[in-house]
Amino acid sequence: MKTDIKTLLAQMSLTEKIGQITQVYPGSVNEGIESNLTGPAGYGDEGDIELAGLVGSVLGMSGAKEVRELQDYCMKKNRLGIPLLFMNDVIHGYRTIFPSVLGLGCTWDTELAKKCAEVAAKESAVSGNHVTFSPMVDLARDARWGRIIESPGEDPLLNSLFAGAFIEGYQGDDPLDKYRLACCVKHFAAYGAAEGGRDYNTTEISEYSLLENYLPPYRAAVEAGCRLVMTAFNCLNGVPATGSTWLNREVLRDDWGFDGVLISDCTAVSELINHGYAEDGADAACFAMHAGVDIEMVSACYREHIPALLEEGRLDIGLVDEAVLRVLELKEALGLFENPYKDASEEEESDLHLCKEHRELARKAAADSLVLLKNDGILPLQKSEITVAVIGPHANTRMHLDIWSGCGKEDECTSLADAMADRVKVVTSHGCGITDGEDEQIDEALNTASQADIVVLAVGEHPSMSGEAGSRAFLGLPGRQQELADRMYKLGKPVISVVFSGRPLTLVDLEASSNAVIEAWLPGTEGGAAIAEVLFGIRQPKGRLSVSFPYTVGQLPVYYNSLPTGRPIPDESDTERYRSRYCDSPVDPLHPFGYGLTYTSFTYGQPRLSKDMMDKDVTGDDIEIKLSIKNTGGRDGTEIAQLYIRDMGGSFSRPVRELKGFEAVCLSPGESRDVSFTITEEMLRYHTRSGYMSEPGTFMACIAPDAASGHWMSFTLLQD
Ligand code: BGC
């Protein structure tokens, strides 16, 4: 039976209404529950009995038993029996942890991401969650920003496709269904463009770039039916996102038609004061309410100031009611009035968490997220009779989970050394720590390595060095790890480096002292085993970069779809001074977007266009671009063929290339296959001075293995 939300609203006191639009940590409503704080503590952190019957939702609570108990406790105290919503950061797995989202982005496999989200929803739904604060689709172009690990990458199309896939995986047809969650896209908007890569910092983005690059992934999430949106911490072009009426009402609700719940990020409402936007808590509550923020997360401006704002006439009760209704509608949509526990079940927790099927998916996802950056032929390892020295701060540790890893546990991961030891004789030594190390430790590691035939060097960052508040100003390997790598290489044995990191690092030196390099990201529960399988060629490396790898930190932000300059560099041999270049570094990144090696090689044939003109006004007057790809190496492999288009002139300057499509092609040695894409007029549209449309003129298209190559073909878009 459906609950009559409007009748319920009519029975609610103002305090009860404000309660529904307030979200707290579980420790706030019942002392003794530990809260995982990601910022300043909020209202009533000492456990406020009064609050228990009043708040509408809690964040970060887990466990079927705990959730059921808290739901019972709070519902008994709530005069109208309104259930709590339990929201959580289920980002890339709940108990079985998949690779971090950036790693999933590098699979270019949205079906796989959907399956991972489905499993994450299932595992967390049985632990009592109703809503996940995912997908995070902030476009990220600056590897200094620690939260780049949470984003699929730097491309608007790829991020949009992943947004849709995650949402389908979490919500299915209806979040009411068993094992489904409602999901919350974040952080609206443009949080990924924090100046200098410093977390929470301000962002300045032109309207053109916002519309073209930053907003499309959130919009894709709204179009995919995402039930909630979370505001961002950052100030955007002078107005903090959480207080922005333009973003949250005009763009999100009026233009895009979003009718779900808008929640602030954690304490972002009270942070309007720190932004120098609101003078006090009352202002902050007033601005956020007017901007359409339905739920205030953790800070207490709504709670403390809405009554006075109403009395003073600064706020209309209609705005409060609108927010409360949306929260109640979400509870109704999740069926919580009928069954406040939804899928919470201790029995199913033990059946489903970390079950074989979920771990298998995690292993596949981890393997597919690895990006082979360099290989002089040493990989895959051929013989099992060899001795492998697994050296480095990531050799024997299990730091494979980023800081948003739900209830995943490091001791449920397998270290790389242990995973390798299942297949081959292993000797091991850590050599140095992530950020420190003694001479004697390095010497000992060299000694250990000298007993082996091959060195696998497991290096990188500590998981705490990325993620929220994990910005870095230097992007080389931390501590003495590069020195360890250099000295290992001098031993004269083949060195295979495996990099565990939450971001692209500057790997020029490491690549110079390694025969092969694999970027492993933070690969999740099955990461160790997946890496070993790829090293031994049991699985093929398939990943392609969804972010550019900088040559040096001074290039940042660096991304493939940049606007051209008036003084481009014509070719590598050019030495002319007055060009857009650095005196001391290449302009191009070390590895471009889309790049990744396999254990085989592919050649691309000459591209063909079905015609070289397309009429803008004739629907379906599409052009086909086609070429043949051949596996010219000795092993099976998967190539990701990427369609790029360049608009040679427009009412705005147009990017040097934009990804418009891609296809994974699996080929056996010697096999070749035609790959074709349909170029539609729709693909040529952008936010012109006269609206979202295509502009007639010359375009170029290519099918390429990455964003730094391709044979361009030109065509014309005609208008009668
Ligand atoms: C983060 C969000 C997260 C929220 C709730 C904030 O600090 O920015 O991404 O969803 O905390 O845990």
Report summary line: Scoring only Lys, Arg, Asp and Glu (+1, +1, -1, -1) among other residues with Cβ under 12 Å from the Cβ of GLU695 yields +2
Query - Vicinal HN-Hα couplings computed from phi for segment 334-347 (Karplus, 6.51 cos²θ - 1.76 cosθ + 1.60; Hz; Gly/Pro x) - result: 8, x, 6, 5, 8, 9, x, 9, 6, 9, 4, 8, 4, 5
Query - For SER497, distant residues with modelled amide H under 5 Å away - result: LEU457, ASN515, ALA516, VAL517, ILE518
**Report entry** Low-density loop cleavage sites - trypsin sites (Lys or Arg not before Pro) in segment 576-623, where at most 10 other Cβ are within 10 Å (DSSP)
**Finding:** ARG577
Report summary line: Sparse-neighbourhood loop hits (trypsin sites (Lys or Arg not before Pro), segment 92-201; DSSP loop; Cβ within 10 Å at most 15 others) -> LYS178
Query raised in the report: Taking the mean number of other Cβ atoms within 10 Å as a proxy for protection, how do you rank 82-89, 333-340 from highest to lowest?
Result: 82-89, 333-340
**Report entry** Efficiency of FRET between ASP254 and GLN606 - r from beta-carbon atoms, R0 45 angstrom, step 0.05
**Finding:** 0.40
Query raised in the report: Dividing the Cα radius of gyration by the Kirkwood radius, what Rg/Rh value follows for segment 602-718?
Result: 1.03
Query raised in the report: With axes computed from alpha carbons, what is the tilt in degrees of helix 439-450 against the longest principal axis of the chain, rounded to the nearest 10 within 0 to 90?
Result: 50 degrees
Report task. Could you run the Debye sum over the Cα atoms of segment 113-166, one equal point scatterer each and no solvent, and tell me log10 of I(q)/I(0) at q = 0.22, 0.25 Å⁻¹, two decimals? Result -> -0.84, -0.95
**Report entry** Potential extension, GLN451-LYS77 segment - 0.36 nm per residue separation minus Cα distance
**Finding:** 127.9 nm
Requested in this report: Quickly estimate the mean residue ellipticity at 222 nm for the chain, helices only: each DSSP H run with n ≥ 4 gives -39500 (n - 2.57), and the total goes over all residues, rounded to 500.
Outcome: -7500 deg cm²/dmol
**Report entry** Sorted by Cβ neighbour density within 10 Å, fewest at the top, the residues MET230, MET713
**Finding:** MET713, MET230
Query raised in the report: Shape call for the chain from the C-alpha gyration tensor, a ≥ b ≥ c root eigenvalues: rounded (a/c under 1.5), prolate (a/b greater than b/c) or oblate?
Result: oblate
Query raised in the report: Setting aside same-chain residues fewer than 8 positions from LYS374, which aspartates and glutamates have a Cα under 19 Å from its Cα?
Result: ASP486, ASP509, GLU511, GLU519, GLU533, ASP588, ASP636, GLU639, ASP706
Requested in this report: Report the net charge of residues surrounding CYS106, where surrounding means a beta-carbon distance below 12 angstrom and charges are Lys +1, Arg +1, Asp -1, Glu -1.
Outcome: -3
Query raised in the report: Tell me, HIS394, HIS305 in order of fewest to most beta-carbon neighbours within 10 Å?
Result: HIS305, HIS394
Query raised in the report: When Lys and Arg each count +1 and Asp and Glu each count -1, what net charge do the other residues less than 13 Å away from MET297, Cβ to Cβ, add up to?
Result: -3
Query raised in the report: Cross-link partners among lysines for LYS611, C-alpha distance below 26 Å, same-chain residues fewer than 8 apart left out?
Result: LYS626, LYS630, LYS660
Requested in this report: Can you figure out the FRET efficiency of TRP712 with ALA469, using R₀ = 56 Å and their beta-carbon distance, to the nearest 0.05?
Outcome: 0.85
Report summary line: Phi angles of segment 126-135, converted by Karplus (6.51 cos²θ - 1.76 cosθ + 1.60, θ = phi - 60°) into ³J(HN,Hα) in whole Hz with x for Gly and Pro, give 6, 8, x, 6, 10, 9, 10, 7, 7, x
Report task. Using only Cα atoms, find the angle between the long axis of helix 110-125 and the longest principal axis of the chain, and express it within 0 to 90 degrees, rounded to the nearest 10. Result -> 40 degrees
Report task. Give me the number: length gained by fully extending ASN396 to ASP636, i.e. 0.36 nm times residue separation minus the C-alpha to C-alpha distance, one decimal in nm. Result -> 83.3 nm
Query - Rounded, prolate or oblate (a/c below 1.5 giving rounded, otherwise prolate when a/b exceeds b/c) for segment 366-555 by Cα gyration tensor - result: rounded
Requested in this report: Specify the angular offset, from 0 to 90 degrees and rounded to the nearest 10, of the alpha carbon long axis of helix 481-490 from the longest principal axis of the alpha carbons in the chain.
Outcome: 20 degrees
Query raised in the report: Ranked by Cβ crowding within 10 angstrom, fewest neighbours first, how are TYR604, TYR341, TYR560, TYR692 ordered?
Result: TYR692, TYR341, TYR604, TYR560
Requested in this report: With a cut-off of at most 11 other beta carbons within 10 Å, and DSSP calling the residue loop, which GluC sites (Glu not before Pro) in segment 208-314 qualify? Please list them.
Outcome: GLU279, GLU312
Report task. Please label the shape of segment 400-459 as rounded, prolate or oblate, based on the square roots a ≥ b ≥ c of the eigenvalues of the alpha-carbon gyration tensor (a/c under 1.5 means rounded; beyond that, a/b larger than b/c means prolate, else oblate). Result -> oblate
Report summary line: Going through LYS122/LYS542; LYS425/LYS490; LYS77/LYS186; LYS65/LYS364; LYS17/LYS122 one by one, the pairs whose alpha carbons sit over 29 Å apart turn out to be LYS77/LYS186; LYS65/LYS364; LYS17/LYS122
Query raised in the report: Between LEU14 and LYS65, what is the spin-label point distance in nm, taking each point 7 Å from the Cα along the Cα→C-beta axis?
Result: 4.3 nm
Requested in this report: Beta carbons within 10 angstrom, averaged per residue: use that to sort the peptides 668-676, 681-689, highest first.
Outcome: 681-689, 668-676
Query - Inter-site label distance for TYR341 and GLU360 at 7 Å from Cα along Cβ, in nm - result: 3.1 nm
Report task. Find the relative contact order for the chain and round it to a whole percent, using C-alpha pairs within less than 8 Å whose residues are 6+ positions apart. Result -> 13 percent
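Any read-out appearing in this document is the output of simple, stated calculations on the displayed coordinates, not a laboratory observation. Everything numeric here is computed off the predicted structure, so don't read it as measured data. Ideal geometry is used to build each Cβ from the backbone, glycine not excepted, and the neighbour counts take in all protein chains shown.
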